[in-house]
Amino acid sequence: HQAVASLKRGKVWRSTLKLKKAIKENPNHDAAYLLLIKLYVHNGKERKAMPYIEQLATVQATSQRRSIEKSYYTAYKGILDKNFLDAQQQIKHTIVEVHKNQQFDFSILSRCYNALGYLDVIQHPSEQSSRRKWVVNKRTLLNARFLFEEALRYQPQSQVAAKNYNTVNTALKEPPNKIDPYQIIDLSQENALETVATNQANPMLKADPKLL
């Protein structure tokens with residue numbers, strides 16, 4: 001609670017220290033792991049989050065929602081490690097768990113579909129003409145566009161999903177579709193507190209796909 005309070009006051013560094021202390025005192029504190037990982041990712045320090053994602057994998061989740069978040073971050077680590085096939089399977093498993101347990105966190109679902117679209121593009125280039133250009137066939141781009149649209153239905157304010165969506169539309173030379181968001185389900189107080197750090201673990205296309 002002290003870490004969340006510090007975070008709300010904008011004291012990220014102090015929150016990080018308090019979360020590390022909480023983990024040291026209780027190595028099974030899954031909530032502390034999750035919030036610390038989100039803080040690192042939100043501030044562009046994904047590599048610093050990696051050891052905590054690895055440690056979180058050994059910790060028993062204390063709620064269904066935290067179990068689902070744990071599953072997503074396992075997949076996100078796979079993306080960072082470039083284990084793309086494993087990451088893709090883990091993300092699909094996370095989506096199944098969300099629906100099976102009826103833990104409809106729209107933020108997690110949006111990140112899952114955005115990540116699937118991202119993986120679709122980077123796993124299926126016909127060639128990479130440069131560090132900034134991929135040549136991708138139309139079918140792959142259309143499938144990725146559908147996944148980015150799904151991400152935006154769950155979280156219309158996601159800047160990363162919107163950027164990926166616009167990147168793919170530019171490559172297809174097509175205008176964006178009208179995206180109607182899904183009806184929002186109220187988040188619990190716990191969820192609201194733990195999502196103070198926004199823009200969480202959302203992979204963004206860093207090269208521009210060119211239509212084959």
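The values are calculated or read from the model by the stated rules, or taken from the named source; none is laboratory data. Nothing here was measured: the structure is a model prediction, and the numbers come from that model. Please note: Cβ atoms are built from the backbone with ideal geometry, for glycine as well, and neighbour counts cover all protein chains shown. Each accessible area value is taken on the protein alone, full model and side chains, heavy atoms only, with ligands, DNA and RNA left out. Shrake-Rupley method; radii C 1.70, N 1.55, O 1.52, S 1.80 Å.
Could you tell me whether residue 30 is over 20 Å from residue 151 (Cβ atoms), in contact with a helix residue (DSSP H, G or I) (Cβ under 6 Å, 6 or more places away or on another chain), modelled with pLDDT of 90 or more and open to solvent by 80 Å² or more (accessible area, probe 1.4 Å)?
no
Which pairs have Cβ atoms under 8 Å, sit 6 or more apart or on different chains, and link a residue in segment 16-30 that is touching a residue at least 40 places away in the same chain (Cβ under 8 Å) to one that is in a helix (DSSP H, G or I) and among the aliphatic types (A, V, I, L, M)?
As it stands, the answer is 30/56, since those pairs meet every condition given.
Could you check residue 197 against (1) open to solvent by less than 10 Å² (accessible area, probe 1.4 Å); (2) touching a Lys or Arg at 6+ places or on another chain (Cβ under 9 Å); (3) at pLDDT 90 or above; (4) closer than 22 Å to residue 46 by Cβ and say which number it fails?
Result: residue 197 fails condition (3) only.
Going through 71, 110 one at a time, which residue ends up being over 30 Å from residue 172 (Cβ atoms) and touching a residue at least 24 places away in the same chain (Cβ under 8 Å)?
Of 71, 110, the one residue that is over 30 Å from residue 172 (Cβ atoms) and touching a residue at least 24 places away in the same chain (Cβ under 8 Å) is 71.
Right, residue 86: surrounded by 19 or more Cβ atoms within 10 Å (Cβ to Cβ), acidic (Asp, Glu) and either touching a helix residue (DSSP H, G or I) at 6+ places or on another chain (Cβ under 6 Å) or at pLDDT 95 or above (or both) or not?
no
Results for (1) modelled with pLDDT under 90; (2) open to solvent by 70 Å² or more (accessible area, probe 1.4 Å); (3) in contact with a strand residue (DSSP E or B) (Cβ under 9 Å, 6 or more places away or on another chain), shown as yes or no for each residue.
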{"position": "105", "(1), (2), (3)": "yes, no, no"}
{"position": "110", "(1), (2), (3)": "no, no, no"}
{"position": "115", "(1), (2), (3)": "no, no, no"}
{"position": "141", "(1), (2), (3)": "no, no, yes"}
{"position": "145", "(1), (2), (3)": "no, no, no"}
{"position": "151", "(1), (2), (3)": "no, no, no"}
{"position": "154", "(1), (2), (3)": "no, no, no"}
{"position": "175", "(1), (2), (3)": "no, yes, no"}
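How do the pairs read when you match residues in segment 42-64 that are farther than 25 Å from residue 160 by Cβ with residues anywhere that are of a type in the set (Gly, Ala, Ser), using Cβ under 7 Å and keeping only pairs 6 or more apart or on different chains?
61/67
Taking the residues in segment 47-83 that are of a type in the set (Lys, Arg) and more than 14 Å from residue 37 (Cβ to Cβ) as candidates, determine which candidate is surrounded by the fewest Cβ atoms within 10 Å (Cβ to Cβ).
Across segment 47-83, the extreme among qualifying residues is 82.
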